[in-house]
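Peer 1: Have a look at this one.
The values are calculated or read from the model by the stated rules, or taken from the named source; none is laboratory data. Model, not experiment: these values are computed from the prediction. Here the Cβ positions follow ideal geometry from the backbone for every residue, glycine too, while neighbour counts run over all protein chains shown.
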Amino acid sequence: MPHDSYKTIKAIVETELKEKGSRFICRAKPVSTREQAKNFISSICQKHYDATHNCYAYCIGRDKDIITRYNDDGEPAGTAGKPILQAITTRGLTNVVVVVTRYFGGTKLGTGGLVRAYGGTAVLALDKAEIIVEYLKTNVKIVYTYQFSNLVRNLIDKYNADIITTDYGDLVQQNIKIRKNKTKDFINQLTNKSSGKVQVIVIN
């Protein structure tokens, strides 16, 4: 897999597992920031405020910038959040949050049973999800006069960049996202073909 790519899920998926009367409801969602993951977790907790537990794990970023978190939400330590996280990482996924909601059914499962139930529900959800390959993107701002509109448009198309915003004034200002390993070539092309008259600013 290219060094600037990663695997994630395409859309929200939901599964349910029943174990000795307890219901385990799992929802997995693609996210790109910790804030998005936290908001999703909060929304599930609000929806299932009456549940016995809402346990979760998420993985965001990659390589040295990877962020992983998990929470057992009152279950014995290591029996819920950790197996959920393991279901994510063993599949080589990132930018994913998984929440497993439990409604207690009256029979205790023991630590091994909890690990199997929480991890198993997460596995069901992620195996159900469509796995896709995404690419790391660079945010770039382009500022230019109208005479360079065709040049900019053609290069954006050539490099399959995504236009995020466009502001038309005395100058055109565009914010785009472009695949990380194509950024340098894209900037060089713009600079050379416009003789340096197109301003390019790398945001992050």
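Peer 1: Can you tell me which residue in region 122-171 is nearest to the chain's Cα centre (by Cα), limited to those that are aromatic (Phe, Trp, Tyr) and surrounded by 12 or more Cβ atoms within 10 Å (Cβ to Cβ)? Steps first, please.
Peer 2: Taking region 122-171 and keeping what is aromatic (Phe, Trp, Tyr), we get 135, 144, 146, 148, 159, 168.
In the following step, the residues that additionally are surrounded by 12 or more Cβ atoms within 10 Å (Cβ to Cβ) were identified as 135, 144, 148, 159.
Working: 135: 11, 144: 32, 148: 35, 159: 23 Å.
Per the criteria, the residue is 135.
Peer 1: Select, from 56, 6, the only residue that is under 20 Å from the mean Cα position of the chain (by Cα), closer than 17 Å to residue 132 by Cα and either of a type in the set (Phe, Trp, Tyr) or assigned by TED's automatic domain parsing to the domain that holds residue 181 (or both). It would help to see each step written out before you state the result.
Peer 2: On the way: 56 fails: closer than 17 Å to residue 132 by Cα.
So the residue among 56, 6 that is under 20 Å from the mean Cα position of the chain (by Cα), closer than 17 Å to residue 132 by Cα and either of a type in the set (Phe, Trp, Tyr) or assigned by TED's automatic domain parsing to the domain that holds residue 181 (or both) is 6.
Peer 1: Would you point out which residue out of 78, 119 is over 16 Å from the mean Cα position of the chain (by Cα) and surrounded by 15 or more Cβ atoms within 10 Å (Cβ to Cβ)?
Peer 2: Values: 78 fails: surrounded by 15 or more Cβ atoms within 10 Å (Cβ to Cβ).
Just a single option satisfies the conditions, and that option is 119.
Peer 1: Let me ask you something else. Test residue 28 against the criterion of being within 14 Å of the chain's Cα centre (by Cα), modelled with pLDDT of 95 or more and either of a type in the set (A, V, I, L, M) or over 25 Å from residue 179 (Cβ atoms) (or both), and give yes or no. Reasoning before the result, please.
Peer 2: On the way: within 14 Å of the chain's Cα centre (by Cα): yes; modelled with pLDDT of 95 or more: yes; either of a type in the set (A, V, I, L, M) or over 25 Å from residue 179 (Cβ atoms) (or both): yes.
Here the answer is yes, as residue 28 does meet what is asked.
Peer 1: Another question, then. Is one or more of the residues making up region 43-62 modelled with pLDDT of 95 or more, farther than 30 Å from residue 187 by Cβ, in contact with a Pro (Cβ under 7 Å, 6 or more places away or on another chain) and hydroxyl-bearing (Ser, Thr, Tyr)?
Peer 2: no
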